[in-house]
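Only one structure is covered here, and it is reproduced in the block below.
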Amino acid sequence: MTTPDHRGERIGADVTAEAGEGGSLALRTASTAVLAPAVLAITYMGGWPFLVLCAFAAAGILREWTHLTAKADARSLAPGLAALTAALVLTGLDQPGTAAVAIAAGAGLAGVMAGRATPDAGIWAAAGVVYAGIAFFGPGVLRQDPLWGLTALLFLFATVWTTDIFAFLCGRAIGGPLLWLRVSPKKTWAGAIGGAAGGVAAGVAVAYASGIGKLGIAGVMALLLSVLAQAGDLFESAVKRRFGAKDAGRLIPGHGGLMDRLDGFLVATFAALLIGIVRHGTAAAGAGLLLW
């Protein structure tokens, strides 16, 4: 049974970890300064280079998820990676619907393989393929819109990245009540509100610069995506807490793993894709998100 003293030690450890993160701020900034221009350049190129980038990110996320959840048999990686490869090819050939089926089939097969150990392991393995599939499918398909795909991704980058930055800065500067102690001992309501405000401002700025007329709706979309990005961050934090891990990986200096860096972005981008598809279909999802 956990005692109050143990809980105090846990919170003390979290405070120490937070101080360590503050010391690595320069490293985080340097990593971002290197990675962000490269990502923007490949996003601008679009086509196969961008799809390959998304597929590599999704494969890395699947590997981190499988390692993190522990109970998911590593052999379940094979059907997941095969599904992501199929999704890459099919999306590049303008078959996003079939790509989604491939990801679902890969999740099912991974679940069956890992489920030979325990049903719980099968659930986590299948969820990992779906999670990684979202990481590919959201930005990959959204960018396929030939007219508005690039603008839609820039809108998302601005919204999500600024949300992350402002949430960090406001949380540190203002402090105050915690957002959800059981999931994350460092996120505050001040950070969440400040992050949302920053995300909305950045999203509206991109919409204005792109000549999108209905800035009010753009602001609403940015607010929705900012909130979902923060929810995605909390979801990943909950998974890490469930398995007793601080970071999902160590690939990105100062940030942790790909899951740690992309958790909010993949949820927001997938939601943006669904909005776009509902309004204008898979071929013009960017326009469906931005033009109202």
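None of the figures in this text is laboratory data; all of them are computed from the coordinates on show. Just so it is clear, the structure is predicted and the values come from calculations on it, not from any experiment. All Cβ positions, glycine included, derive from the backbone under ideal geometry; neighbour counts span all protein chains shown.
Observations on the structure shown:
- Shape category assigned to the stretch 104-207 from the gyration tensor of Cα positions, a/c cut at 1.5: oblate
- Charged neighbours of Gly199, selected by a Cβ distance under 14 Å, balance to -2 (K, R count +1; D, E count -1).
- Ordering of 93-100, 261-268 by burial proxy (mean other Cβ atoms within 10 Å per residue, highest first): 261-268, 93-100
- Within the chain, helix-based [θ] at 222 nm, where runs of 4 or more DSSP H residues each add -39,500 (n - 2.57), nearest 500: -27000 deg cm²/dmol
- Across the chain, C-alpha contacts under 8 Å between residues 6 or more apart give a mean separation that, scaled by the residue count, equals a relative contact order of 19 percent.
- Segment Arg182-Thr118, length gained on full extension (0.36 nm per residue, minus Cα span): 20.4 nm
- For a paramagnetic label modelled on Ala231 (point 7 Å from Cα along Cα→Cβ), amide N atoms under 13 Å away are absent within the stretch 83-104.
- Here the stretch 143-227 is treated with +1 on each Lys and Arg Cβ and -1 on each Asp and Glu Cβ, and its dipole about the Cα centre works out to around 260 debye.
- For the chain, lysine pairs separated by 8 or more sequence positions, or belonging to different chains, with Cα-Cα distances below 24 Å total 6.
- Computed magnitude of the charge dipole of the chain (debye, nearest 20; Cβ of K, R +1, Cβ of D, E -1): 200
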